[in-house]
Amino acid sequence: MPSSDFGPKLNLVLKAFSMSRGRLAAELKVDKSLVGRWVAGAVTPSAHNLTALTGLMAKRVQGFSMLDWDLGLNALAERLGVDAAVLTRDAAANGDAVAGLDVPARLIETARNETARRGHGFEGFWNGTRLAFTRPGEFLHDVLMIRKQNGILHMRWGNSAYECRGPLLQLAGQLHGILIDGSDDSILFCLLNGVNMPQVDVMDGLFMAIAKDGPQTPASAACLLERRGNLSGDAQQDDSRYDEMKREAFLWEPAAVPQHVRDHLLRDTGPRAFAEGGDLFLRTPLARSMSRGSPRS
């Protein structure tokens, strides 16, 4: 099953049995961080670990089997003898409903309200362009998928070399992405200028991560996201389409990056630029934003 489907189910199991991630990790003899990645949807358990987890569940729920993991969230809750809606509300009230992060409940509630009101406009497939941290002067071609999960926007962001995923919180008109790279457990962030339109077509902002170089250098770059297509509504089909597009993406051919995009992403910052009326630090103000939308939904 897709990791994005397994995470909420495992979280439901933990809540249903008042079990901490640390306790589950100890019983399965795995690292606690691995359980966190399962809950966050970064990865799914290996066949060995899923078998062990299923056996653990069978001791608590008579007849529980591997097939039960294929149930929908509500059906799984019924199988466990709990109310999924109550558990979801409790998680939101405790401020821990977003990818296992301790996010204040008021922020989650604000993000949920914003997502319910205009989150649909951000859902879809996107082409991403940003500077490559380890290849000076070259531009990375990323592919993104944004869709709602449990009332919050979630994002998959990657190319043929890597992938990160996590929640994309709508707050104060902007989007705040907290993404995990499952290959090395690093955390990436993106801050995007939002658009109050029925459909968002272009977004820009900042992308921050640890560069994949020897010293693991903290780095930040301006980024541009351009809509590539809409979701089908079938989660499995959309996951497959995203995976196919991601496999073909890595570096943009130099001629494929238009000059106005280069000009927008290549920023001259620092004391000299500031003295000449430019920016002292890297930023993407709304006055110079390329973010835009359209009236079609």
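Does PHE17 count as over 29 Å from GLY194 (Cβ atoms), at pLDDT 85 or above and touching a helix residue (DSSP H, G or I) at 6+ places or on another chain (Cβ under 7 Å)?
Spelling it out, it is not the case that PHE17 is over 29 Å from GLY194 (Cβ atoms), at pLDDT 85 or above and touching a helix residue (DSSP H, G or I) at 6+ places or on another chain (Cβ under 7 Å).
Condition test on LEU53, is it in contact with a Pro (Cβ under 9 Å, 6 or more places away or on another chain), assigned to a helix (DSSP H, G or I) and either over 24 Å from GLY81 (Cα atoms) or among the acidic types (Asp, Glu) (or both)?
Considered against the rule, which asks whether it is in contact with a Pro (Cβ under 9 Å, 6 or more places away or on another chain), assigned to a helix (DSSP H, G or I) and either over 24 Å from GLY81 (Cα atoms) or among the acidic types (Asp, Glu) (or both), LEU53 comes out as no.
Checking ASP102 against (1) modelled with pLDDT under 90; (2) surrounded by 14 or more Cβ atoms within 10 Å (Cβ to Cβ), which test does it fail?
Tallying (1) modelled with pLDDT under 90; (2) surrounded by 14 or more Cβ atoms within 10 Å (Cβ to Cβ), ASP102 fails exactly one: (2).
Within segment 272-292, is there a residue that is closer than 19 Å to PHE122 by Cβ, exposed (fewer than 13 other Cβ atoms within 10 Å of the Cβ), out of contact with any His (no Cβ under 8 Å at 6 or more places or on another chain) and in contact (Cβ under 8 Å) with a residue 12 or more places away in the chain?
There is at least one residue in segment 272-292 that is closer than 19 Å to PHE122 by Cβ, exposed (fewer than 13 other Cβ atoms within 10 Å of the Cβ), out of contact with any His (no Cβ under 8 Å at 6 or more places or on another chain) and in contact (Cβ under 8 Å) with a residue 12 or more places away in the chain.
Among residues belonging to segment 208-239 that are part of a strand (DSSP E or B) and more than 23 Å from ARG118 (Cα to Cα), point out the one that is modelled with the lowest pLDDT.
ILE210
So which of LEU286, LEU265 is closer than 16 Å to LEU206 by Cβ and either at pLDDT 95 or above or outside the structural domain of MET197 (by TED's automatic domain parsing) (or both)?
Among LEU286, LEU265, only LEU265 is closer than 16 Å to LEU206 by Cβ and either at pLDDT 95 or above or outside the structural domain of MET197 (by TED's automatic domain parsing) (or both).
Name the residues in segment 216-249 that are of a type outside the set (Gly, Ala, Ser), surrounded by fewer than 15 Cβ atoms within 10 Å (Cβ to Cβ) and farther than 20 Å from MET203 by Cα, would you?
Selection gives GLN216, THR217, PRO218, ASP234, GLN236, GLN237, GLU244, ARG247, GLU248.
Okay, residues lined up against (1) without any contact (Cβ under 8 Å) to a residue 60 or more places away in the chain; (2) of a type in the set (Gly, Ala, Ser):
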| site | (1), (2) |
| --- | --- |
| VAL195 | no, no |
| ASP201 | no, no |
| ASP204 | no, no |
| MET208 | yes, no |
| ALA219 | no, yes |
| CYS223 | no, no |
| ARG227 | no, no |
| ALA235 | no, yes |
| ASP238 | no, no |
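The values are calculated or read from the model by the stated rules, or taken from the named source; none is laboratory data. Quantities reported herein were computed from a predicted structural model and do not represent experimental measurements. Please note: Cβ atoms are built from the backbone with ideal geometry, for glycine as well, and neighbour counts cover all protein chains shown.
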